[in-house]
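Structure first, commentary second.
The values are calculated or read from the model by the stated rules, or taken from the named source; none is laboratory data. The model shown is predicted, which means the values in this text are computed figures rather than measured ones. Quick reminder, even Gly has a Cβ in these numbers, built from the backbone with ideal geometry, and neighbours come from all protein chains shown. All accessible areas refer to the heavy atoms of the entire protein, side chains included, with ligands and DNA or RNA removed. Shrake-Rupley method; radii C 1.70, N 1.55, O 1.52, S 1.80 Å.
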Amino acid sequence: MAKTPSYLMYGTLNVLVLKTLSWKPMHGYAISNWLRERSGGTLAVDDAALYKSLHRLEEFGSIESEWGMSENNRRAKYYRLTAAGRRHLRDERAAFHDFALAVTRVLRTV
């Protein structure tokens, strides 16, 4: 499967990160792996873009972070969804769904 172009990922990364964290708190590497696994390898997230998204979402109050120990017994920053983040995810998911349907309609036009 082809890797998603970075310009497409940029506009969707926040909602993808929120969706990932809706499952459980995770550190950055786990978030990246979760997205890659769930997408069959299509969504390979650049580390810099992922951490920019995490910082933005933290500034918005959609996620919170705290330091903990990873599965490898290494220190890692864990991110978790806040109540505001759950609302943000719900709103963004609806908006993205509508947008994707509209783009699909246009691309299917003969």
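So the values come out like this:
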quantity: Any hit, region 92-104, residues being of a type outside the set (A, V, I, L, M, F, W, C) and either in contact with a helix residue (DSSP H, G or I) (Cβ under 9 Å, 6 or more places away or on another chain) or open to solvent by less than 40 Å² (accessible area, probe 1.4 Å) (or both); calculated: yes
quantity: Residue ID - nearest to ARG75 (Cα to Cα), chosen from residues in region 9-45 that are open to solvent by 70 Å² or more (accessible area, probe 1.4 Å) and hydroxyl-bearing (Ser, Thr, Tyr); calculated: TYR29
quantity: Residue in region 89-101 that is over 16 Å from GLY11 (Cβ atoms), of a type outside the set (Phe, Trp, Tyr) and out of contact with any strand residue (DSSP E or B) (no Cβ under 7 Å at 6 or more places or on another chain) present; calculated: yes
quantity: Qualifying residue in region 38-46 (condition: closer than 16 Å to ALA83 by Cα and either among the basic types (Lys, Arg) or part of a loop (DSSP other than H, G, I, E, B) (or both)); calculated: no
quantity: Residue count, region 65-96 (criterion: over 19 Å from SER32 (Cα atoms), free of Cβ contacts under 8 Å to residues at least 60 places away in the same chain and not β-branched (Val, Ile, Thr)); calculated: 7
quantity: Some residue of region 54-67 being modelled with pLDDT under 95, over 11 Å from VAL17 (Cβ atoms) and not in a strand (DSSP E or B); calculated: no
quantity: Residue in region 76-91 that is surrounded by the most Cβ atoms within 10 Å (Cβ to Cβ), counting only those that are farther than 8 Å from LEU18 by Cβ and of a type in the set (A, V, I, L, M); calculated: ALA76
quantity: Residue satisfying all of: in region 46-70; among the aliphatic types (A, V, I, L, M) and open to solvent by less than 90 Å² (accessible area, probe 1.4 Å); farthest from the chain's Cα centre (by Cα) among these; calculated: ALA48
